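My questions all concern the structure below.
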């Protein structure tokens, strides 16, 4: 049981050089799927163990804590680990037919290797207990994601990948410098050790500087409002299956780092209360939610519309965190998972239908309701989830966010959340109206949607409804986590 | 004083990345930017009166070797980033015929 955290990282890592030698697309694809599936089973076992008996710590090479590097699987880690790997698996399952049309045949095996590496990076970030190790895993996932993005053949793809490379590297270097400053103050890199020592360290301006750098770095990774430019371009120009994967995972990793660093490691100095930092982020995110929803309403391209909608939903998540009350944290954790599932589902449906299409504009959706009845009813349900209507999981997370807001001192913000929800309704309705009520003159052949892709989309839809009706799964764990963070017993 | 110089280097790098339109120059800026942080790590590892960390009988104060090791990792990351960026630039040159970011016409 104690070995599981390291296995989750090393199994795919050991597989990647083997895949590099095999090169046969079918074998590479099968092995990738198998190792992802093994990973999910390991993670579920780990999650159950952690949920019942508390966190599991694995010491690399048997070196004890402050000197050696540790992996720490606590409830927050397992929570993120589970949904990231499930989404990665579902995307992998449905990827085969899609990428054949989008990526050069010789590059497909490299594509899967980069995918595995990217997922290793994500899992590593979530599991590690060493703050420098976090930076290394962050770079592993970033470098492979630059490669994944650059593989599409849109006109703007290469430039989008290049710009993401620059901004991503700047973010990573900010985080690296901040880690250096924290190390200079405390002399430790271990997260638990750091959490203890930072409280005793002499407070100085340079810690504030480090906080600013960390915030900027994490803001870039999680597409916090004014730093969201890269997200729109990469989502619009990446291969559609990569967009699907990143919509559910990569920005959520930024949220994880934010939670881990600001609420866990630096908890003892309450970094978010300096100079009204939390209020500042709150206002910025609120503005971000409003503006990006406005942009989403104006968009003609479906992918860009959904990308702007992602920025808005991330804004909700950040707002809920910045309320700095346990209910807010619970709400944001629930919304992280629910939004991931909904957005992955929506992007996946677009990816499956428009296998070749360059830019999907709204008109392209005309009359699809007749051609793909099942897919489009899934789209309809997921769309409702995005708005936050009852029986979908979106309703639950909106409910939690609004309740948390009413409990905090910022009750008047609920108006803006409600307003943006109505705006969400307007752009989702435009899509649904086209799908069901517009007629289409050109009759393109109906794509063959394979049974696997169908299975993935239906799974995501069922999960959305299930998490909307049976809330104890997400909210129970989320409440446990936020009690840990704000615990009465103290962390 | 050294830290001031170091931060100047940091800002120069950042400025180049933001300001330049030529992608190769941007990569150079990124390298300067990353190197300044590497130098920062080396700076903090210096202990007053410390000697290189090789155990010997007549010395008791050593400089901190850990940041050097960390930076070795970060340098590898930086090399990977640079080579990926250069590879992308080659493909950009093939596809658009220019490496000036402002001249690329996405029409």
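Could you tell me which of the residues A:334, A:281 is at pLDDT below 90 and within 27 Å of residue A:475 (Cβ to Cβ)?
On inspection, the qualifying residue turns out to be A:281.
Can you find even one residue in the range A:299-319 that is without any contact (Cβ under 8 Å) to a residue 24 or more places away in the chain and touching a helix residue (DSSP H, G or I) at 6+ places or on another chain (Cβ under 9 Å)?
No, the range A:299-319 contains no residue that is without any contact (Cβ under 8 Å) to a residue 24 or more places away in the chain and touching a helix residue (DSSP H, G or I) at 6+ places or on another chain (Cβ under 9 Å).
Follow-up. Taking the stated definitions as given, is residue A:68 without any contact (Cβ under 8 Å) to a residue 24 or more places away in the chain and either within 14 Å of chain B (Cβ to nearest Cβ) or in contact with a strand residue (DSSP E or B) (Cβ under 8 Å, 6 or more places away or on another chain) (or both)?
Judged against the criteria, residue A:68 is a match.
With chain B as the region, which helices (runs of 4 or more DSSP H) entirely inside it contain at least 1 residues that are more than 9 Å from chain A (Cβ to nearest Cβ), under 18 Å from residue A:132 (Cβ atoms) and in contact (Cβ under 8 Å) with a residue 12 or more places away in the chain?
Result: B:23-45, B:66-96.
Among what's in the range A:189-209 and is closer than 21 Å to residue B:64 by Cα, in contact with a helix residue (DSSP H, G or I) (Cβ under 7 Å, 6 or more places away or on another chain) and free of Cβ contacts under 8 Å to residues at least 40 places away in the same chain, pick the residue that is nearest to the other protein chains (Cβ to nearest Cβ).
Ranking the candidates gives A:206 first.
Can you spot a residue in the range A:74-83 that is surrounded by 15 or more Cβ atoms within 10 Å (Cβ to Cβ) and more than 22 Å from residue A:245 (Cβ to Cβ)?
Yes, some residue in the range A:74-83 is surrounded by 15 or more Cβ atoms within 10 Å (Cβ to Cβ) and more than 22 Å from residue A:245 (Cβ to Cβ).
So, in the range A:1-50, how many residues would count as being outside any helix (DSSP H, G or I) and farther than 22 Å from residue A:98 by Cβ? Don't jump to the end; show me each part of the working.
Start the filter on the range A:1-50 by keeping residues that are outside any helix (DSSP H, G or I), which leaves A:1-3, A:23-24.
Within this subset, residues satisfying the condition of being farther than 22 Å from residue A:98 by Cβ are A:1-3.
So the count comes out to 3.
A further question follows. Does residue A:168 meet the test of being under 21 Å from the mean Cα position of the chain (by Cα) and at the interface with chain B (Cβ under 10 Å from one of its Cβ atoms)?
Yes; evaluated as a whole, the condition is true for this residue.
Regarding residue A:124, is this residue part of a helix (DSSP H, G or I) and surrounded by 23 or more Cβ atoms within 10 Å (Cβ to Cβ)?
no
Does the range A:133-140 contain at least one residue that is part of a helix (DSSP H, G or I), more than 9 Å from every other protein chain (Cβ to nearest Cβ), buried (at least 21 other Cβ atoms within 10 Å of the Cβ) and in contact with a strand residue (DSSP E or B) (Cβ under 8 Å, 6 or more places away or on another chain)?
For the range A:133-140, residues part of a helix (DSSP H, G or I), more than 9 Å from every other protein chain (Cβ to nearest Cβ), buried (at least 21 other Cβ atoms within 10 Å of the Cβ) and in contact with a strand residue (DSSP E or B) (Cβ under 8 Å, 6 or more places away or on another chain): present.
Right, residue A:145: facing another protein chain (nearest Cβ under 9 Å), modelled with pLDDT under 95, buried (at least 22 other Cβ atoms within 10 Å of the Cβ) and closer than 30 Å to residue A:40 by Cβ or not?
Considered against the rule, which asks whether it is facing another protein chain (nearest Cβ under 9 Å), modelled with pLDDT under 95, buried (at least 22 other Cβ atoms within 10 Å of the Cβ) and closer than 30 Å to residue A:40 by Cβ, residue A:145 comes out as no.
Also: Looking at the range B:24-51, which of the residues that are farther than 22 Å from residue A:181 by Cα and out of contact with any helix residue (DSSP H, G or I) (no Cβ under 6 Å at 6 or more places or on another chain) is modelled with the lowest pLDDT?
B:51
Another question, if that's okay. If residue A:91 meets every condition in (1) modelled with pLDDT under 90; (2) touching a helix residue (DSSP H, G or I) at 6+ places or on another chain (Cβ under 8 Å) apart from one, which number is that one?
Every listed condition holds for residue A:91 apart from (1).
Just the residues that are part of a helix (DSSP H, G or I) and either over 30 Å from residue A:181 (Cβ atoms) or facing another protein chain (nearest Cβ under 7 Å) (or both), please, taken from the range A:148-165.
A:148, A:149, A:150, A:157, A:158, A:159, A:160, A:161, A:162, A:165
Identify the single condition in (1) in contact (Cβ under 8 Å) with a residue 60 or more places away in the chain; (2) over 25 Å from residue A:190 (Cα atoms) that residue A:76 does not satisfy, given that it satisfies every other one.
Every listed condition holds for residue A:76 apart from (2).
When the residues of the range A:47-63 are narrowed to those that are touching a residue at least 24 places away in the same chain (Cβ under 8 Å) and touching a strand residue (DSSP E or B) at 6+ places or on another chain (Cβ under 6 Å), which ends up nearest to residue A:84 (Cα to Cα)? I'd like the intermediate steps shown before the answer.
Applying the first criterion (touching a residue at least 24 places away in the same chain (Cβ under 8 Å)) to the range A:47-63 yields A:47, A:49-51, A:56-58, A:60.
Narrowing further to those that are touching a strand residue (DSSP E or B) at 6+ places or on another chain (Cβ under 6 Å): A:50, A:56-58.
On the way: A:50: 17, A:56: 19, A:57: 21, A:58: 21 Å.
Per the criteria, the residue is A:50.
The values are calculated or read from the model by the stated rules, or taken from the named source; none is laboratory data. Predicted model only: the values in this text are computed from it and were never measured. Cβ: placed from backbone, ideal geometry, glycine included. Neighbour counts: every protein chain shown.
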